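Beneath this line is the structure, given in structure tokens, with notes to follow.
The values are calculated or read from the model by the stated rules, or taken from the named source; none is laboratory data. Keep in mind it's a predicted model, so treat the numbers as computed, not measured. Note that we place each Cβ from the backbone using ideal geometry, even for glycine, and neighbour counts take in every protein chain shown. Keep in mind that these areas ignore ligands, DNA and RNA; they rest on the heavy atoms of the full protein, side chains included. Shrake-Rupley method; radii C 1.70, N 1.55, O 1.52, S 1.80 Å.
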Amino acid sequence: MALYLLYEAASGYSLFQAHGIDEIGQNTEAVRNSVTDLNRFGKVVKIAAFSPFGSALDALNQCNAVSEGLMTDELRNFLELNLPKVKEGKKPKFSLGVAEPKIGSHIFEETKIPCQSNEFILELLRGVRFHFDRFISDLKLIDLDKAQLGLAHSYSRAKVKFNVNRVDNMVIQAIFLLDTLDKDVNTFSMRIREWYSWHFPELVKIVNDNYLYAKVAKYIENKSELSEDKIPGLTEILGDEDKAKEIVEAAKASMGQDLSVIDLINVKQFAQRVMDLAQYRKNLHEYLVNKMNDIAPNLASLIGEMVGARLISHAGSLTNLAKCPSSTLQILGAEKALFRALKTRGNTPKYGLIFHSSFIGRASAKNKGRMARYLANKCSIASRIDCFSETNTTVFGDKLREQVEERLDFYDKGIAPRKNVDMMKAAIKSNKDDEKTDMDVEDGASAKKSSKKKKSKGDVVPMEEDKSAAKATIGDASEEDMGTEKKKKKKEKRKSQENGENGIESEQNGTAKKKKSKSKDVELVETVSEVKKKKKSKSKTDA
């Protein structure tokens, strides 16, 4: 039985024929030893055909098809052209050796060519790959390396393609930066409080917020110049007129020391920097919220954007978080406490980063651990849905949040929550309904556009119909005018004859209802007359 080998190179498809298989007895060890020696391997395997790829794009398409286990039209034509034909009803006298069993089964289904893939075939293909540049005379080793490198780069780029809007690395960097900004803004705010308190110490007790303190310090500058004229400006900043008046009164009796102009300029510039940092922190938080709604909408709707982002950041990526079991997710962020408890044989922690969720805070002290375990379970489900689903939706996250709320009521009031299966069915149903409504809206919009485009074409047909109808009515009117009185008399005679033959019938201009009512009346009259006749006959017989 002849054996052919299919080798998919970066430059094209090649077909080899293996000789002397019976002598070798399909000994894998013998083939493995003869692979490195071209003189020995060349006696066993010889090239039968070679079909180069037309372009780099064609090579990429063929490589993608082979990796997915699909046979392209080019590969089918190449095999049918260079392999013996398979006759129906007869067993083929050859077989095709392939590296992947998946593509071998697809080739057999489409072309009925018997394929095989085992260790012996793989060793032969390894030898082919090792000496491929020697089998084809016109192919240089440098050209083969360039083709392999180019195809490897393009294939890797195609496989690594991802959705730009769903890059979880942006969330990780944003949450790190947000934590850093929180620390920096607090540090700088304390510094400006301490610095400006040398000049106006009473302001610290009146204004507690760091951002507002920096804003007010920049607005006041020198306390000696503060008067009642600046009360509207302070009211606009603080939102409270009483506090603005209190600041003005405190400035009049302040115990702080005076600062030079240069010192006040530096304080003002530093206050502006703190305000800019606080504003940037606010914008970054909005960016993080929007990014979380794009990347992990269900996790964000379940546990919140900040806690969800911290979980993704601590796990390393959304995929890693989706791979974590709920027991790991529950104590994510409490690794030190866990290992300390294992070392000292103490109690292990009940929660990690999910402690910052509002659900844990709302649960009672004895139910915090149970609530953390249940919430970790739902977070694990939400993260897997976000990671592996293709559509962006918050339906599942909302339903999971409802489940957690019901679980809280169950712990507090004893109300039995709904089952997970029922909630998931309801979520899937509502998701399908949302998709249908979106499709209907899109179809309606497209229908409106098409109707606007085809308005002129659609108006032409009724105009033509109206013209033809008008012509027909004009023609009919002329024929009736040209008709003679004889024709009218003949029509009247025909009508009278038809009425005489069929009995009482409606006129031609009458409606169908009148016809039915008259026919019913006739039938009633006939039935009444028949009943009277029967009564008379009975009375006669009795007499």
Quiz item: Can you name every residue in the range 338-368 that is farther than 18 Å from K413 by Cβ and assigned to a loop (DSSP other than H, G, I, E, B)?
Solution: R345, G346, N347, T348, P349, K350, Y351, G352, S357
Quiz item: Within the range 106-143, can you find the residues that are among the small types (G, A, S) and either surrounded by 15 or more Cβ atoms within 10 Å (Cβ to Cβ) or at positive phi (or both)?
Solution: S117, G127
Quiz item: Can you name every residue in the range 180-210 that is under 20 Å from A244 (Cβ atoms) and open to solvent by 70 Å² or more (accessible area, probe 1.4 Å)?
Solution: K205, N208, D209
Quiz item: Out of all the residues in the range 250-265, is one or more outside any helix (DSSP H, G or I) and closer than 30 Å to E405 by Cα?
Solution: no
Self-check item: So S154, is it of a type in the set (S, T, N, Q) and open to solvent by less than 50 Å² (accessible area, probe 1.4 Å)
Solution: yes
Quiz item: If the Cβ limit is 6 Å and pairs must be 6+ apart or interchain, which residue in the range 204-216 that is within 12 Å of R191 (Cα to Cα) and without any contact (Cβ under 8 Å) to a residue 40 or more places away in the chain pairs with which residue that is in a loop (DSSP other than H, G, I, E, B) and not hydroxyl-bearing (S, T, Y)?
Solution: Y213/V207
Quiz item: Which residues, counting only those in the range 266-317, are within 24 Å of T391 (Cβ to Cβ), hydrophobic (A, V, I, L, M, F, W, C) and in contact (Cβ under 8 Å) with a residue 40 or more places away in the chain?
Solution: L288, M292, I295, A296, L299, A300, L302, I303, V307, A309, L311, I312
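Could you list, in sequence order, all residues of the range 113-172 that are in a loop (DSSP other than H, G, I, E, B) and either at pLDDT below 85 or farther than 27 Å from S95 by Cβ (or both)?
Step one: filter the range 113-172 for residues in a loop (DSSP other than H, G, I, E, B), giving 113-114, 117-118, 131, 136-140, 160-163, 167.
If the condition is that a residue be in a loop (DSSP other than H, G, I, E, B) and either at pLDDT below 85 or farther than 27 Å from S95 by Cβ (or both), then H131, I136, S137, D138, L139, K140, V160, K161, F162, N163, V167 are the ones that fit.
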Quiz prompt | Whichever residue in the range 40-69 is closer than 26 Å to A2 by Cα and touching a Lys or Arg at 6+ places or on another chain (Cβ under 9 Å) and, among such residues, is most open to solvent (accessible area, probe 1.4 Å) | solution = G42
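Here are F50, F41: which of them is of a type in the set (F, W, Y) and either modelled with pLDDT of 80 or more or within 24 Å of L151 (Cα to Cα) (or both)? Quick ask: steps written out before the conclusion?
Working: F41 fails: either modelled with pLDDT of 80 or more or within 24 Å of L151 (Cα to Cα) (or both).
Sole residue among the options that is of a type in the set (F, W, Y) and either modelled with pLDDT of 80 or more or within 24 Å of L151 (Cα to Cα) (or both): F50.
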Self-check item: Subset of the range 392-406 that is open to solvent by 40 Å² or more (accessible area, probe 1.4 Å) and touching a residue at least 60 places away in the same chain (Cβ under 8 Å) - its residue that is farthest from I360 (Cα to Cα)
Solution: N392
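Within the range 428-441, identify whether any single residue is within 16 Å of G308 (Cβ to Cβ), part of a helix (DSSP H, G or I) and of a type in the set (A, V, I, L, M, F, W, C), and answer yes or no. Don't jump to the end; show me each part of the working.
Of the residues in the range 428-441, the ones within 16 Å of G308 (Cβ to Cβ) are none.
Checked the range 428-441: no residue is within 16 Å of G308 (Cβ to Cβ), part of a helix (DSSP H, G or I) and of a type in the set (A, V, I, L, M, F, W, C).
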Quiz item: When both residues are 6+ apart or on different chains and their Cβ atoms are under 7 Å apart, which pairs have a first residue that lies in the range 229-244 and is surrounded by 15 or more Cβ atoms within 10 Å (Cβ to Cβ), and a second that is among the basic types (K, R) and part of a helix (DSSP H, G or I)?
Solution: I231/K245; I237/K215
Self-check item: Restricting the range 288-326 to residues that are among the hydrophobic types (A, V, I, L, M, F, W, C) and in a loop (DSSP other than H, G, I, E, B), the residue that is farthest from the chain's Cα centre (by Cα)
Solution: C324
Exercise. Evaluate the range 379-386: report whether one residue or more is among the hydroxyl-bearing types (S, T, Y), part of a helix (DSSP H, G or I), at pLDDT below 55 and in contact with a Gly (Cβ under 9 Å, 6 or more places away or on another chain).
Key: no
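One line per residue, one yes/no per condition, for (1) under 15 Å from R362 (Cβ atoms); (2) open to solvent by less than 50 Å² (accessible area, probe 1.4 Å); (3) of a type in the set (D, E); (4) at pLDDT below 90:
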{"residue": "L375", "(1), (2), (3), (4)": "yes, yes, no, no"}
{"residue": "E390", "(1), (2), (3), (4)": "no, no, yes, yes"}
{"residue": "L408", "(1), (2), (3), (4)": "yes, yes, no, yes"}
{"residue": "D412", "(1), (2), (3), (4)": "yes, no, yes, yes"}
{"residue": "K419", "(1), (2), (3), (4)": "no, no, no, yes"}
Self-check item: Filter result (touching an Asp or Glu at 6+ places or on another chain (Cβ under 8 Å) and assigned to a helix (DSSP H, G or I)) within the range 192-234
Solution: I206, S224, I231
Practice problem: Considering only the range 248-288, state which residues are surrounded by fewer than 13 Cβ atoms within 10 Å (Cβ to Cβ) and of a type in the set (A, V, I, L, M, F, W, C). | Solution: A253, M255, V261, I262, I265
